[in-house]
Amino acid sequence: GQHFTVVLPEPWHLRAAGCFRMLRRVLRLDRCTVIRSAPAPGATLVVRRGVAYRVYPKEATARPLSPRLACRQPFHGGAAGLPDGSVVFGEYSNNPDRKPVNLWKWIPFEDRLTCVHQFAAGAVRHIHACIWDPFGEQVWVFNGDTGDEARVLAANRDFSSMKCLGEGTQAWRA
């Protein structure tokens, strides 16, 4: 595989705190999500501390994408790569006030994220995963956490249609 190093922009005080392993762990400074786009060679999406970056190995730079996310990063393993090379993921945060939660799509070589669906305030706590189903050619969306927040949804590739397959109990939590 191809290896490359990119330094993400970071305020000086977090860079200084990152020199100490214990502080890095407590502040979760070394957590990030890295997703490679299979059909677009080298195109990589990095999400760290609420900012998504477009990274290309030849440039060895990270370009921040807009807008800023309402979460630090997607849930581990919760992003889906679609056949066209785009990546979809949902916001995963504590969300105690049950604010709206977004599903995002990134198309390689674009400097922005597109909100493909927004769950209304109080509808869900966060998104656990988006998974591409190559047989049904759809994206499975799993969200939770409690009561009727737990549901399984299926969306077509452009998210113009989304249907609920089940909800309302922990049996639908993934």
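Quick one: R54 ticks every box in (1) out of contact with any Phe, Trp or Tyr (no Cβ under 8 Å at 6 or more places or on another chain); (2) modelled with pLDDT of 85 or more; (3) not aromatic (F, W, Y) except a single one, so which number is it?
(1)
Among the residues of region 110-122 satisfying the criterion of being out of contact with any Pro (no Cβ under 8 Å at 6 or more places or on another chain) and part of a loop (DSSP other than H, G, I, E, B), which is surrounded by the fewest Cβ atoms within 10 Å (Cβ to Cβ)?
Here the residue is D111.
Take the residues in region 59-104 that are assigned to a strand (DSSP E or B) and open to solvent by 30 Å² or more (accessible area, probe 1.4 Å), then tell me which one is modelled with the highest pLDDT. Please lay out each step first, then the result.
Our first condition is that a residue be assigned to a strand (DSSP E or B); within region 59-104, this holds for 61-64, 66, 73, 80-81, 87-90, 92, 101-104.
So of that shortlist, the ones also open to solvent by 30 Å² or more (accessible area, probe 1.4 Å) come out as 61, 63-64, 66, 81, 92.
On the way: T61: 78, R63: 86, P64: 89, S66: 86, G81: 89, Y92: 92.
Looking at residues that are assigned to a strand (DSSP E or B) and open to solvent by 30 Å² or more (accessible area, probe 1.4 Å), I get Y92.
Could you count how many residues in region 143-169 are under 25 Å from D97 (Cα atoms), part of a strand (DSSP E or B), free of Cβ contacts under 8 Å to residues at least 40 places away in the same chain and within 20 Å of the chain's Cα centre (by Cα)?
4
Just one of R28, R54 is among the basic types (K, R) and under 18 Å from A80 (Cα atoms); which is it?
One residue alone meets the criteria, R54.
Among the residues that make up region 40-48, is at least one of them touching a Ser or Thr at 6+ places or on another chain (Cβ under 7 Å), at pLDDT 90 or above, aliphatic (A, V, I, L, M) and crowded, with 19+ Cβ neighbours inside 10 Å?
Yes: one or more hits.
The values are calculated or read from the model by the stated rules, or taken from the named source; none is laboratory data. Note that this is a predicted model, so its numbers are computed, not measured. All Cβ positions, glycine included, derive from the backbone under ideal geometry; neighbour counts span all protein chains shown. The area values use the complete protein model at the heavy-atom level, side chains included, leaving out ligands, DNA and RNA. Shrake-Rupley method; radii C 1.70, N 1.55, O 1.52, S 1.80 Å.
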